[in-house]
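S.K.: Handing you a structure now.
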Amino acid sequence: MITIQLSVFFMIIYMLKFLTIIAQSSLTAVVLGTEWVSFQRLSPVEMILTSLGVCCICQLWSSMLYNFCSHFHPNYEFWYFRVVWEFTNILSFWLTSLLAVFYCVKVSFSHPIFWLKWRIVRLVPRLLLGSLLISCVSIIFAAVGHYSKIQLISKRHFPRNSTTTERLEIFLWDFSMCQQVVVLIIPFLLFLASTILLMALLFQHLRQMKDHHTSHSNSSLEAHSTALRSLAVFLIFFTSYFLTLLISIWGVLFNKGSWFWAWEAIIYALVSIHLTSLMLSSPKLKRVLKVRYWGLEAA
């Protein structure tokens, strides 16, 4: 069993990661949101990133409140924090998959989906609303399931209903686990297919450029190579985040009494890297980060 000292250590790491991600999400939301409000226009990618930033802030606070409340009060079910976290988590998955689909369509070159690139720019606000509606519908089942479990737990002290209550609890537990996996795996598979297709398109275009290599195409070759590396990193870390969530949902390796805080710190580290890669995909955010970096160096 993990010692109390190590548990406190990982709890501190968890909080540091929490503050880091809050800073990243707030910077994204404030920088892009301010421009959205001031100029009444924003590129489709930056619309998605702004939505992700706001969603991530809500997700982090609900997760932190749920983790600490359930850790210090294990006999009480804080299901409302859990429902908020599940909703924002589902929404963040759909927004990430939307970002991957958008890039895939925009870099479709001469492929059959080429005609979509001129329409998807106008469709992004509707797709954002669609992602929100899908997340709302998905979370209804989770909310009903959590509420039903609370009601069943309150009836445990009735002896004549104990067997039926236990069976219903097992059914609700299995249903809840399957529901959480299904609502995440659908947007993840969409993200996976779009990212792999995008990498294949970029790689094919990169080979074509190398076959017709000229001195003027050096910058384009470098840009394509950088994009491929960024996509590979993005794919690896988001997939890792998805797998850690699956393990956390099923409770295969860890529970709240052993390596829970270490596991949460790992998940938050993956989220932080994932957000960093997203921030670097926006020219405006890259400029802000460079200005702050040079400002710190000058100081």
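The values are calculated or read from the model by the stated rules, or taken from the named source; none is laboratory data. Since this is a predicted model, take the numbers as computed values, not measurements. Glycine gets a Cβ as well: all are built from the backbone with ideal geometry, and neighbour counts include every protein chain shown. In case anyone asks, the SASA skips ligands and DNA or RNA and just uses the protein heavy atoms, side chains included. Shrake-Rupley method; radii C 1.70, N 1.55, O 1.52, S 1.80 Å.
S.K.: When only the heavy atoms of the protein chains count and the probe is 1.4 Å, how do TYR76, TYR14 rank by accessible area, highest first? Kindly include the intermediate steps, with their values, before the conclusion.
M.R.: Working: TYR76 125, TYR14 0 Å².
Per-residue accessible area, sorted high to low, gives TYR76, TYR14.
S.K.: Express in Å², to the nearest 10, the accessible area of ARG119 obtained by rolling a 1.4 Å probe over the protein heavy atoms while all chains stay in place.
M.R.: About 120 Å², rounded to the nearest 10.
S.K.: Moving on to the next point. Computed FRET efficiency, Cβ-Cβ of PHE68 and VAL37, R0 51 Å: what is it to the nearest 0.05? Before the final figure, lay out each step's value.
M.R.: On the way: r = 33 Å, r/R0 = 0.66.
E(calc), rounded to 0.05, equals 0.95.
S.K.: With a 1.4 Å probe and every protein chain left in place, tell me how much accessible area MET279 has, in Å² to the nearest 10.
M.R.: 10
S.K.: Please report, largest first and rounded to whole Å, the three semi-axes of the ellipsoid equivalent to region 1-48, where each semi-axis is the square root of five times an eigenvalue of the C-alpha gyration tensor. Could the numbers behind the result be given before it?
M.R.: Numbers: eigenvalues 296, 16, 4 Å².
Each semi-axis is √(5λ); the values are 38, 9, 4 Å.
S.K.: Per-residue counts of other Cβ atoms within 10 Å, averaged by peptide: what ranking do you get for 24-37, 262-275, highest first? Intermediate values should be presented prior to the final figure.
M.R.: Numbers: 24-37: 17.9, 262-275: 20.4.
In descending order of packing, they fall as 262-275, 24-37.
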